[in-house]
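The values are calculated or read from the model by the stated rules, or taken from the named source; none is laboratory data. Note that the coordinates shown come from a computational prediction; the quantities given were computed from them, not determined experimentally. Ideal geometry is used to build each Cβ from the backbone, glycine not excepted, and the neighbour counts take in all protein chains shown.
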Amino acid sequence: MTPLARLRLKLTAWYAGVFLLVLTLLGVGLFLTVRYQMSRHLDASLRAAAGALEQAARIRETERASAHGAVVDAVDELHIPDRSLYLLDADFQPIKPAQVPDSVRAAAREAVQSKRAFRNLDARGGPKLRLYAEPFSGTTGTTYVAVAVADRMELEDEYASLIEAFGAAALAALLLVIGGGSLLVRKSTAPIERSMEQMRRFMADAAHELRAPVTILRTRAEVALGQERDSSRDAVAFQAIEREATRLGQVVGDLLTLARADAGERPVARVPLFLDDVAAEAVDAVRTLAEQKHVQVEVGAFEEAKITGDPTLVRQLLLIVLDNAVKFTATGGKVRLDVSADDGRAAVVVADTGVGIPAEHLPHVFERFYRGEPARREADGAGLGLAIARWIVDAHGARIDIASAAGTGTRVTISFPLVG
C-alpha cells in the first residue's frame, strides 16, 4: 500500500470514528431524553387514572348514602386501558377488588407514608410494575387510597423499538459516511497526489537536466587532465567547461527561482513603472542574440503604459518571451514587439516567424522542463523559462496567452492592469 493510500485509509477511518463517536453521544442523549419523557408520560397517566378513580368515587358517594357501595360502583364502572385500578381503605385493606396482591398493598403503604406517591414493583419472576398511590377523603369523611398500576414493559418495548430504529438509521448513516468520507478524502487528496506526481516528475527532469552538463564537465576535465599541456587545447577545453558551467548555473538559478516562488520566499515589489520603458530595455538586451542568429527584431506600436509591479520580474518576464522568440526563429526571420494601452489594460505582444508550436503541445508549454517537439528540445535551455513566466504573470495579476501553429510562428500576449 502506498503512503497516499494509507493516508486515505486513515482519514476515512478518522471520519468514520468521529462520526461514530458523535452518533453514539447523540444516541445516548436521545435515549436518555426519550426514556425520561416516557417515564414522565407513564407517571402522568397513572396520576390521571388515580385521579379519575377518586373523582368517580366522590361522585358516586354523593349520589348514594352508602359510602362503600358507592365507591365500589365507581371502581366497577371505571375502565382505563392498560391500567389496573385498586381501591383501599385507610388501613390499606382491599375494598375493590376483594383480593389485592400483598406486594401492591405494601408498595401503596410505602408510597403514601413516604409521600412520594410512586413506587416500582420488581417481583422475582413477575412483571415489572409502576405504582401510584394517593389517599383521598370521600364526601362522608371516609379516607380511601386510590392505586393505579401499569406494566413498565410497555416502556421497555418502546425503548427496544426506538433502539432498533435508531440502530438501523445509524448503521445506514455510518455506511454513507464511510462511502462519502472515502470519496471526499479521495477528492481532497487528489491535489496532493498531483503535487507529488509533479514533484517526482520535476525531480526526475531536474536530475536529467543537471546530469548532462555535470557529465560533460567531468568528461572535459578528465580528458584535459589526461593530455599533455597545450595552450590551444587547454583553451578549447576551458571554453567548453565555461559553457557547460554557465548552462548549469542557469538551470540551478531557474530551479532556485521556482523553488523560492513555490515557497513564497520571493517578495514581489509593487511600485509604479512604465511597461514601455521595461520593454525597450528587454529589446536592447536580446539584440545581441538576435544579431548572432541574423534575426531581425522590430518594434511596432509603443504606447506609454503605466502599471504597478516588480521592475526586475517584469523585465525577466519580457526577456524570457523575447529570448524564446529569437531562439526558435530561423536565420532571416523576424521578431516584432508591440506595447499598447487600451480599455484599462496594458499589453505587450511578441510575435515571431519561428517554428511555431503544434496545437497538441500548447496546453503544456507552461509545465516545468517541457520542451515539446524535437525542434524545441534540441534548442538550448531546460524548459523552465515559461514556467517562471507564468509565475511572474500570476504574481502581478496579469495574463499571458499564446497563439501558435506549427510552421507559422508564435504570438505571445501579456496584459497587465493599467494604473492612473
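Residues of the range 367-420 being at pLDDT 90 or above and among the polar types (S, T, N, Q), which ones? Listed by number, the residues that qualify are T410, T413, S415. Evaluation of D343 against the conditions (1) modelled with pLDDT of 90 or more; (2) over 24 Å from Q250 (Cβ atoms) shows that the sole unmet condition is (1).
Is it the case, given these coordinates, that R229 is on the phi < 0 side of the Ramachandran plot, outside any helix (DSSP H, G or I) and not aliphatic (A, V, I, L, M)? Against the criterion (on the phi < 0 side of the Ramachandran plot, outside any helix (DSSP H, G or I) and not aliphatic (A, V, I, L, M)), R229 qualifies.
The set of residues in the range 67-87 that are among the hydrophobic types (A, V, I, L, M, F, W, C) and either modelled with pLDDT of 85 or more or over 20 Å from A150 (Cβ atoms) (or both) comprises A67, A70, V71, V72. For T312, state whether it is surrounded by fewer than 22 Cβ atoms within 10 Å (Cβ to Cβ), closer than 25 Å to T257 by Cβ, in contact (Cβ under 8 Å) with a residue 60 or more places away in the chain and out of contact with any helix residue (DSSP H, G or I) (no Cβ under 9 Å at 6 or more places or on another chain). When the stated conditions are applied, T312 does not pass them.
Considering V297, V271, which residue is touching a residue at least 24 places away in the same chain (Cβ under 8 Å) and exposed (fewer than 13 other Cβ atoms within 10 Å of the Cβ)?
Matching residue, one of V297, V271: V271.
Yes or no, residue by residue, for (1) small (G, A, S); (2) loosely packed, with under 13 Cβ neighbours inside 10 Å; (3) touching a Leu at 6+ places or on another chain (Cβ under 7 Å); (4) in a helix (DSSP H, G or I):
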{"position": "A224", "(1), (2), (3), (4)": "yes, no, no, yes"}
{"position": "A237", "(1), (2), (3), (4)": "yes, no, no, yes"}
{"position": "V252", "(1), (2), (3), (4)": "no, no, no, yes"}
{"position": "T257", "(1), (2), (3), (4)": "no, no, no, yes"}
{"position": "V278", "(1), (2), (3), (4)": "no, no, yes, yes"}
{"position": "A290", "(1), (2), (3), (4)": "yes, no, no, yes"}
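In this structure, is V104 crowded, with 19+ Cβ neighbours inside 10 Å, assigned to a helix (DSSP H, G or I) and at pLDDT 75 or above? Criteria met by V104.
Against the test of being assigned to a helix (DSSP H, G or I) and either polar (S, T, N, Q) or closer than 30 Å to F19 by Cα (or both), the options A111, A173 yield a single qualifying residue, A173. Among the residues making up the range 400-410, those that are of a type outside the set (V, I, T) and either surrounded by fewer than 17 Cβ atoms within 10 Å (Cβ to Cβ) or assigned to a loop (DSSP other than H, G, I, E, B) (or both) are D401, A403, A405, A406, G407, G409.
Before we move on, is T143 more than 22 Å from V34 (Cβ to Cβ), assigned by TED's automatic domain parsing to the domain that holds A44 and at pLDDT below 85?
yes
Those strands (runs of 3 or more DSSP E) of the range 295-366 in which at least 3 residues are under 39 Å from the mean Cα position of the chain (by Cα), considering only elements entirely within it, cover 306-309, 345-352.
Of all the numbered requirements in (1) touching a Phe, Trp or Tyr at 6+ places or on another chain (Cβ under 9 Å); (2) over 30 Å from A56 (Cα atoms); (3) modelled with pLDDT of 75 or more, S161 misses one, and that requirement is (1).
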